[in-house]
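A.B. asks: Mind having a look at this structure? Questions to follow.
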Amino acid sequence: MVEAVVDKQLDHGVEPVISARQLTKVFDDQEAISDLDLSVDAGVIVGVIGPSGCGKTTLVRMLTGIARPTSGEVRVFGADPTKFETHHRRRFGYMPQLPVLYPNLTVWGNLNFIASVYGISAWGRREHLEKLLDLVDLGPHRHKRLADCSGGMQRRLTLAATLVHRPELLYLDEPTAGVDPILRDRFWTHFRSLREQGATLMIPTQYVGEAVSCDLVAVMSAGRLITVQPPDSLGRFAYGGDLVSVGVENDWISRADLVRLREAPYVREASRSDEGLAVVVDDEATDINHLQQFFAASEIAITEISPAEPSFDAMFVRIIEANTDPETLAAA
């Protein structure tokens, strides 16, 4: 499935912003990243989702040139990130998980210093920095020393600092961690605005629900890239078909009828649920009619039958469990 995404992008004849082939990183005889293939075109938001320790941050560190791959090939803007020159590095921004700013400088002092490092002209700089502080809700705290700010405030300032030089490629590692829902929504609105302006964003996150705001979702587990899918295709990938919810009168169906339902040629799986039955079919467009016929012939009274919308959490759990060694899951 990942290869299909890669091939489709390469067929366009446009060099991807990010390209990785058989990328592997080993620490102390343990693979942190294993044989990973990935291609990312310009102007998309890619969410990278996976359990803690699955390799999300290691992947980003290799894409920025901070970490050198053990084997495989990676290209960003067509060049090896470990050999980036200044003009390459000016094109991307990286928000790490850990604090990297200066604790003895004020909020404004940190942001102004970063702007000067990137050579941002003094003309118009103040207005630009004030907009960034407003974005991360730190305007009232501009004169506060960073050391006196909470951890959440420091992360928000790090995001603002990452955006200072208007990079065309952004790596934002857990940018909404510890952020309240209102501010999180504001961040994602801004991310989408950057995407509309042509920027490319890679966002590792543990907030699975944020997948809906991405153009592509890369699911990782135990150092492997399991799949890259648009959000609206994740359900079919996770369930191997279309999920249908069936309300059964009196919430009851016999074991024999459930077994017969599972044996129907268009049914991939069926189980009891809080609503009655959860049935995975080959194609909801035609198989809902087949289900209706099955229940009518079996004299099973149903109250409703409709396509179901599984939560991103449920999809994520199914994908991880189906593609991860049980011993690895138990150790996580």
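A.B. asks: Starting from the Cα of Val14, step 7 Å along the direction of its Cβ; do the same at Arg192; then give the gap between the two resulting points in nm.
C.D. replies: In this crude spin-label approximation the distance works out to 2.1 nm.
A.B. asks: Would you work out which of Tyr94, Thr82, Tyr118 lies farthest towards the positive end of the dipole of region 63-203? Charges go on Cβ: Lys and Arg +1, Asp and Glu -1.
C.D. replies: Tyr118
A.B. asks: List every residue whose amide H lies under 5 Å from the amide H of Ala32, counting only residues 5 or more places away in sequence or on a different chain, with H placed 1.01 Å from N in the peptide plane.
C.D. replies: Lys25, Val26, Phe27
A.B. asks: While we're looking at this one, here's another question. In degrees from 0 to 90, rounded to the nearest 10, what is the angle of the helix 312-323 Cα long axis to the longest principal axis of the chain?
C.D. replies: Value to nearest ten degrees: 80.
A.B. asks: From the convex hull of the Cα coordinates of region 77-127, what is the mean projected area in square nanometres?
C.D. replies: The orientation-averaged projected area of the Cα hull of region 77-127 comes to 4.9 nm².
A.B. asks: Once you've got the GNM for the chain with C-alpha springs shorter than 10 Å, pick whichever of Ala199, Ala211, Ala270 has the biggest mean-square fluctuation.
C.D. replies: In this elastic network of the chain, the residue with the biggest mean-square fluctuation among Ala199, Ala211, Ala270 is Ala270.
A.B. asks: First measure r as the distance between the Cβ atoms of Leu105 and Thr286, then evaluate 1/(1 + (r/R0)^6) with R0 = 45 Å and state the FRET efficiency to the nearest 0.05. Before the final figure, lay out each step's value.
C.D. replies: Numbers: r = 63 Å, r/R0 = 1.41.
Once rounded, the FRET efficiency stands at 0.10.
A.B. asks: Most fluctuating residue of Val164, Val219, Val259 in a GNM of the chain with Cα springs under 10 Å: which is it?
C.D. replies: In this elastic network of the chain, the residue with the biggest mean-square fluctuation among Val164, Val219, Val259 is Val259.
A.B. asks: Still on this structure, I have one more. Round to a whole angstrom and tell me the spacing of the C-alpha centers of region 48-75 and region 82-121.
C.D. replies: Spelled out, the Cα-based centre of one part sits 21 Å from the other.
A.B. asks: Right, another one. In region 281-325, whose amide N lies under 18 Å from the spot 7 Å out along Cα-to-Cβ of Asp232? List them in ranges.
C.D. replies: The answer is 283-286, 307-312.
A.B. asks: Mind checking which of Asp313, Asp28, Asp287 has the largest fluctuation in a GNM of the chain, springs on alpha carbons under 10 Å?
C.D. replies: Per the Cα network of the chain with a 10 Å cutoff, Asp28 tops the list.
A.B. asks: Now for a separate question. Pairwise over distinct Cα atoms, reciprocal of the mean inverse distance: report the Kirkwood radius of region 5-134 in Å, one decimal place.
C.D. replies: Roughly 17.1 Å, rounded to one decimal.
A.B. asks: Also, I was wondering about something else. Ignoring ligands, DNA and RNA, what percent of the 1.4 Å accessible area of region 164-303 is carbon and sulfur? Please list the in-between numbers first.
C.D. replies: Details: 3030 of 6410 Å².
Here it works out to 47 percent.
A.B. asks: Turning to a different aspect of this structure: Taking one equal scatterer on every alpha-carbon of region 165-310, how large is log10 of I(q)/I(0) by Debye at q = 0.22 1/Å?
C.D. replies: Scattering profile of region 165-310, log10 relative to I(0): -1.28.
A.B. asks: Quick one: what do you get for region 145-241 if you divide its Cα Rg by 2.2 N^0.38 Å? Spell out each step's value before the answer.
C.D. replies: On the way: Rg = 15.1 Å, N = 97, 2.2 N^0.38 = 12.5 Å.
Dividing the Cα Rg of region 145-241 by 2.2 N^0.38 Å gives 1.21.
A.B. asks: Related question: Is there a quick way to get the dipole size of region 37-175? I mean about its Cα centre, with the Cβ of Lys and Arg at +1 and of Asp and Glu at -1; what is the value in debye to the nearest 20?
C.D. replies: Numbers: 17 positive and 13 negative charges, 79 e Å.
Charge dipole, region 37-175, about its Cα centre: 380 debye, nearest 20.
A.B. asks: Let me ask something else about it. Taking the Cα atoms only, what angle lies between the long axis of helix 125-135 and the longest principal axis of the chain, rounded to 10 degrees?
C.D. replies: Taking the Cα atoms of the chain, the angle to 125-135 is about 30 degrees.
A.B. asks: Another question, then. Return one quarter of the surface area of the convex hull spanned by the alpha-carbon atoms of region 256-332, equal to its mean projected area, in nm².
C.D. replies: For region 256-332, averaging the hull's shadow over all directions gives 6.6 nm².
A.B. asks: For helix 151-163, what angle does its Cα long axis make with the longest principal axis of the chain, in degrees from 0 to 90 and rounded to 10?
C.D. replies: The angle comes out at about 80 degrees.
A.B. asks: Amide H of Val248: which non-local residues (sequence gap of 5 or more, or other chain) have their own amide H closer than 5 Å, using H built in the peptide plane?
C.D. replies: When sequence neighbours closer than 5 places are left aside, the close amide H contacts are Leu277, Thr303.
A.B. asks: Then there's this: Using every alpha carbon pair in region 70-165, what percent of pairs falls into each 5 Å bin from 0 up to the bin containing the largest distance?
C.D. replies: 2, 13, 23, 20, 16, 10, 9, 5, 2, 0
A.B. asks: Just tell me which aspartates and glutamates come within less than 15 Å, Cα to Cα, of Lys83; anything on the same chain fewer than 8 places away is out.
C.D. replies: Filter leaves Glu73.
A.B. asks: I've got another one for you. Using the C-alpha atoms of the chain, what convex hull volume per residue, in cubic angstrom, is computed?
C.D. replies: Convex hull volume per residue, Cα atoms: 173 Å³.
A.B. asks: What is the packing order of peptides 132-140, 144-152, taking the mean over residues of other C-beta atoms within 10 Å and listing the highest first? Intermediate results must be reported in sequence, preceding the final value.
C.D. replies: Numbers: 132-140: 17.6, 144-152: 13.9.
For the peptides 132-140, 144-152, the packing ranking is 132-140, 144-152.
A.B. asks: Kirkwood Rh and Cα-based Rg: tell me the resulting Rg over Rh for region 212-266, rounded to two decimals.
C.D. replies: Numbers: Rg = 16.7 Å, Rh = 14.3 Å.
So for region 212-266, dividing Rg by the Kirkwood Rh gives 1.17.
A.B. asks: Using modelled amide H (1.01 Å from N, peptide plane; none on Pro or chain starts), what sits under 5 Å from the amide H of Gly93, excluding residues fewer than 5 places away?
C.D. replies: Here Leu169, Leu170, Tyr171 satisfy the definition.
A.B. asks: Using only Cα atoms, what Kirkwood radius does region 13-55 have, in angstroms?
C.D. replies: 12.1
A.B. asks: How would you rank 87-93, 179-185, highest first, on the average number of other Cβ atoms within 10 Å across their residues? Intermediate results must be reported in sequence, preceding the final value.
C.D. replies: Details: 87-93: 16.7, 179-185: 13.4.
By packing density, highest mean first, the sequence is 87-93, 179-185.
A.B. asks: About its Cα centre, what dipole magnitude does the chain give when the only charges are +1 on Lys and Arg Cβ and -1 on Asp and Glu Cβ, stated in debye to the nearest 20?
C.D. replies: Values: 32 positive and 46 negative charges, 439 e Å.
So the magnitude is around 2120 debye.
A.B. asks: Here's another thing I want to ask about it. Given Cβ point charges of +1 (Lys, Arg) and -1 (Asp, Glu) and nothing else, what value in debye, to the nearest 20, does the dipole of region 232-332 about its Cα centre take? Before the final figure, lay out each step's value.
C.D. replies: Working: 7 positive and 20 negative charges, 54 e Å.
In total the dipole reaches around 260 debye.
The values are calculated or read from the model by the stated rules, or taken from the named source; none is laboratory data. Everything quoted here is computed from the prediction, not taken from an experiment. So basically every Cβ, Gly included, is an ideal-geometry build from the backbone, and we count neighbours across all protein chains shown. Note: accessible area is taken over every heavy atom of the protein model, side chains too, but ligands, DNA and RNA are not part of it. Shrake-Rupley method; radii C 1.70, N 1.55, O 1.52, S 1.80 Å.
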